[in-house]
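The values are calculated or read from the model by the stated rules, or taken from the named source; none is laboratory data. Worth saying up front: this structure is predicted, and the values here are computed from it rather than measured. No Cβ is skipped: glycine too gets one built from the backbone with ideal geometry, and neighbour counts run over all protein chains shown. Side chains included, ligands, DNA and RNA excluded: accessible areas come from the protein's heavy atoms. Shrake-Rupley method; radii C 1.70, N 1.55, O 1.52, S 1.80 Å.
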Amino acid sequence: MSKVTRVVTLSINDQEVTGREDESILQVARQHDIDIPTLCFLEGLSGWGSCRICLIAVEGVPKLLPACMTYCAEGMKVQTENEQIKAYRKSILELLFSERNHICSVCVSNGACELQSLAQKCGVDHVSLPYRFPDYEVDSSHNLFRNDHNRCVLCTRCIRVCDEIEGAHVWDLADRGIDAKVISDLNAPWGDSETCTNCGKCVQVCPTGALVQKGTAVAEMHKRRAFLPYLNAMRGNHG
Amino acid sequence: MSDTITKIKVATIWIDGCSGCHMSFLDIDERILDLAPHIDMVYGPLVDLKEIPEGLDLVIVEGAVANEADLHHVLELRKKSKFMIALGDCAVSGNVPSMRNPIGQEACFERAYFENADTGQQIPTNGVPALLKNAIPVHQAVKVDLFIQGCPPPADAIFFVLSELVAGRVPDPTKVTRFGA
């Protein structure tokens, strides 16, 4: 506890705000009811910064930065929305939709999906890029849950919650770039996993219909995440 | 609204979809009477006309472009129209018809016409248009001016968009519908 954390003053969308220098722009923005859309970020898990939906503009910095991984500094001037940011967010969502087979109408998470609601929020009315239509498998080997790779956005929330909260580290990311894929154990079917505790935390934090409970029909999968702030509070984890 | 009402010439088409979007359009119920003075329905599943007429103001497309006839129809409709709407997720994104794409045509034919056929196992070729390799959204075949998402888009969303259009405004349908709505 020797290091002193300073409180700094910065501006977000021309509004003067204060934050600790170990807090992210996203945290401080949300404390002040300034909305920044997110996808891979989930309160209670470590930051990852991969989806780039939360991109913000910082005066004097030539490129956009992810709000979840950018920390407060004295005198910082932040804009959370401009034409460039809006266009980037739309492009990212279009890339995600074109990359795999996200068919909302026949998804168990229809109506309760973060990718779907982000698309609406960011004004994605169609995907201008050609769809890839890749051939991904659906892993139904687990007796309680299912992993539909067609609907995965590689946010890694499942990997983080399993490692950081459950402590089992069943999930990992295999391969790179367009071939990247979430795997259980050393790429064994989920049902054969020797490390999975069947807790279902990965299912509950998944933003889409990739990790789901078996036995759910279209639009029936609603994720329950109350365990996350509860466990963090009980364990004394902050930030 | 001006005193002298000029009717806009509207065509609709049902290609690779389930007709649910047309049903949802009819679900605007008595509000169709508000649109009727402004719209002249000249072609589509609700009209008995075999040839696509010239000089269309608005074309509403339901369904994905999945075979050669679909492609032929949207190309002709686009050529003859000023404004084209992709209505519903099949037209906007490919939706359910596009679920065959990763599987491949051969495997689909095998399942449909051999594995699941007790008699007369053969791939139909007479009187049916050839399938395209992939079922694609309409905007990947021709230019689309407005996208109404949903499976089907809610009747309220369709009415909102059409009444805005006849009033001379181009609305943002994402305010009233979304993918899978």
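Think of a 1.4 Å ball rolled over the protein heavy atoms: segment A:165-211 then has 45 Å² of accessible area per residue.
Taking Rh as the Kirkwood radius computed over C-alpha pairs, what is the Stokes-Einstein D of segment B:54-181 at 20 °C in a medium of viscosity 1.002 mPa s, expressed in µm² per second?
134
Segment A:42-62 and segment A:4-35 have their alpha-carbon centroids 14 Å apart. Separation of segment B:84-149 from segment A:147-179 is 32 Å, based on Cα centroids.
Of the chymotrypsin sites (Phe, Trp or Tyr not before Pro) found in segment B:32-118, none is in coil by DSSP with at most 11 other Cβ atoms within 10 Å of its Cβ.
With the helix formula -39500 (n - 2.57) applied to DSSP H stretches of n ≥ 4, chain A reaches a computed 222 nm mean residue ellipticity of -5500 deg cm²/dmol. Excluding same-chain neighbours fewer than eight residues apart, the aspartates and glutamates reachable from B:Lys143 by a Cα-Cα span under 19 Å are A:Glu94, A:Asp125, B:Asp16, B:Glu54, B:Asp57, B:Glu62, B:Glu68, B:Asp70, B:Glu76, B:Asp89, B:Asp172. Taking a quarter of the surface of the Cα convex hull of segment A:98-234 gives a mean projected area of 8.8 nm².
The orientation-averaged projection of the convex hull spanning the C-alpha atoms of the protein assembly as shown amounts to 26.6 square nanometres.
Of the GluC sites (Glu not before Pro) found in segment B:34-82, the ones in coil according to DSSP and having at most 11 other Cβ atoms within 10 Å of their Cβ are B:Glu51, B:Glu54. Pairs of alpha carbons in segment B:1-129 separated by more than 26 Å make up 35% of all such pairs. Under a 5 Å amide H cut-off, with hydrogens placed 1.01 Å from N, B:Ile39 pairs with B:Ile8 among residues at least 5 apart or on other chains. Averaged over peptide A:96-105, the number of partner chain Cβ atoms lying within 10 Å of each residue's Cβ comes to 5.
With 5 Å bins beginning at zero, the pair-distance distribution over Cα atoms of chain A amounts to 1, 6, 13, 16, 18, 16, 13, 9, 5, 3, 1 %. Just so you know, the Cα atoms of segment A:1-106 work out to an Rg and Dmax of 15.3, 54 Å.
Take each residue in A:115-128, count the other chain C-beta atoms within 10 Å of its C-beta, and the mean is 5.
With Cβ to Cβ distances under 15 Å as the rule, what net charge do the other residues near B:Glu51 carry (K, R +1; D, E -1)?
Working: positive: B:Lys9, B:Lys50, B:Lys79, B:Lys80; negative: B:Asp48, B:Glu54, B:Glu76.
Around B:Glu51, the surrounding residues sum to +1.
This model, with +1 at the C-beta of Lys and Arg and -1 at the C-beta of Asp and Glu, gives the protein assembly as shown a dipole about its Cα centre of some 760 debye. In chain B, helices alone account for a calculated mean residue ellipticity at 222 nm of -6500 deg cm²/dmol, with every DSSP H run of four or more residues adding -39,500 (n - 2.57). Across segment A:158-239 the C-alpha pair distances fall into 10 Å bins from zero in the proportions 16, 45, 32, 7 percent. Helix B:68-79 versus the longest principal axis of chain B: what is the Cα-based angle in degrees, 0 to 90, to the nearest 10? Value to nearest ten degrees: 20.
Dipole of segment A:40-177 computed with +1 at Lys/Arg Cβ and -1 at Asp/Glu Cβ about the Cα centre; of A:Ala168, A:Phe133, A:Phe41, farthest Cα towards the positive end is A:Phe133.
For chain A, taking a cut-off of 4.7 Å between Cβ atoms, the unpaired cysteines are A:Cys54, A:Cys68, A:Cys72, A:Cys104, A:Cys107, A:Cys113, A:Cys122, A:Cys152, A:Cys162, A:Cys196, A:Cys199, A:Cys206.
Stokes-Einstein diffusion for segment B:1-66 at 4 °C, viscosity 1.567 mPa s, with a Kirkwood radius from C-alpha pairs, works out to 100 µm²/s.
Pairwise Cα separations in segment A:177-218 fall into 5 Å bins from 0 onward with the following percentages, short to long: 5, 18, 23, 29, 17, 8, 1. Placing unit charges on each Cβ (+1 for Lys and Arg, -1 for Asp and Glu) gives segment B:1-154 a dipole about its Cα centre, and among B:Ile39, B:His139, B:Gly120 the Cα reaching farthest toward its positive end belongs to B:His139. The calculated Kirkwood hydrodynamic radius for segment B:45-110 is 13.3 Å, given to one decimal from all distinct C-alpha pairs. Short-range pairs are left out: with C-alpha atoms under 8 Å and at least six residues apart, the relative contact order of chain B is 26 percent. When restricted to Cα atoms, segment A:115-186 yields an Rg and a Dmax of 14.6, 41 Å, respectively. For segment A:182-239, trypsin sites (Lys or Arg not before Pro) meeting the loop criterion (DSSP other than H, G, I, E, B) and having at most 15 other Cβ atoms within 10 Å: A:Lys214, A:Arg224, A:Arg225, A:Arg235.
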